[in-house]
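Worksheet: the structure to be examined is printed underneath.
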Amino acid sequence: GQNIDQPTEMTATEGAIVQINCTYQTSGFNGLFWYQQHAGEAPTFLSYNVLDGLEEKGRFSSFLSRSKGYSYLLLKELQMKDSASYLCAVRDWLTGGGNKLTFGTGTQLKVEL
Amino acid sequence: DAEITQSPRHKITETGRQVTLACHQTWNHNNMFWYRQDLGHGLRLIHYSYGVQDTNKGEVSDGYSVSRSNTEDLPLTLESAASSQTSVYFCASSESRESSGNEQFFGPGTRLTVL
């Protein structure tokens, strides 16, 4: 099976930078996704990494190291609206292929003034 | 615009009753998924489908069933609702190709309470 670990909660200050880590264990890694989920809403896609390195998308960046089973989501210039849960999800060739994802339990980020 | 919808958005039912949650997408996606989300567990996969007449069990499939008679719909049925099935249910869809990101698009969710 797969094991995905993320911190449960984090707190950061408006305007600052925060890094949310995700570690995973899987035999047939085929991509890692980050989703954002505001309270009471559906998850929405943020980023995708399949090769090692950094993917940048505006204020959000995501990094992957396949050899270490490690990813992080970097949020810059934090805004109050960034308060949400951030979900790490892994796609694995060996668990049925396709686009089936296994999700971590999510990191609840609180942005304070 | 293409979208994915779920109905009902809220449902209260009694233990032992059969309940069906609807999911409809207009993306023309082959892949569709059902998840439940509970505090402390995150999103857990119940069933998924890679096309018409294809259905597969996920991590927590006991007590649930799905059918795929067309591309647009994947209804989720709770055969005999139990209090342990009180949860928020999300439907999602994605394209078939595995060579790119092919992120899943999520519906707005259904909050189910089993009394």
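So the values come out like this:
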{"quantity": "Unmet requirement for A:Ser67, which otherwise passes all of (1) farther than 22 Å from B:Gly107 by Cβ; (2) free of Cβ contacts under 8 Å to residues at least 24 places away in the same chain; (3) buried (at least 21 other Cβ atoms within 10 Å of the Cβ)", "calculated": "(3)"}
{"quantity": "In region B:75-115, residue surrounded by the most Cβ atoms within 10 Å (Cβ to Cβ) [restricted to those that are in contact with a Cys (Cβ under 9 Å, 6 or more places away or on another chain) and away from chain A (no Cβ under 14 Å)]", "calculated": "B:Leu76"}
{"quantity": "Residues satisfying the stated conditions in region B:64-91, i.e. under 18 Å from B:Trp27 (Cα atoms) and either in contact (Cβ under 8 Å) with a residue 60 or more places away in the chain or part of a strand (DSSP E or B) (or both)", "calculated": "B:Asp73, B:Phe90, B:Cys91"}
{"quantity": "B:His24 being surrounded by 15 or more Cβ atoms within 10 Å (Cβ to Cβ), in a strand (DSSP E or B), away from chain A (no Cβ under 14 Å) and not polar (S, T, N, Q)", "calculated": "yes"}
{"quantity": "Residues being farther than 16 Å from A:Lys110 by Cβ and either loosely packed, with under 12 Cβ neighbours inside 10 Å or without any contact (Cβ under 8 Å) to a residue 60 or more places away in the chain (or both) - total across region A:13-27", "calculated": "4"}
{"quantity": "Check on B:Ser61, farther than 18 Å from B:Arg9 by Cβ, at pLDDT 95 or above, in a strand (DSSP E or B) and not hydrophobic (A, V, I, L, M, F, W, C)", "calculated": "no"}
{"quantity": "Tally of residues being under 17 Å from B:Val114 (Cβ atoms) and within 11 Å of the chain's Cα centre (by Cα) across region B:45-60", "calculated": "1"}
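The values are calculated or read from the model by the stated rules, or taken from the named source; none is laboratory data. Worth saying up front: this structure is predicted, and the values here are computed from it rather than measured. For neighbour counting, all protein chains shown are included, and Cβ atoms are generated from backbone atoms with ideal geometry for every residue, glycine included.
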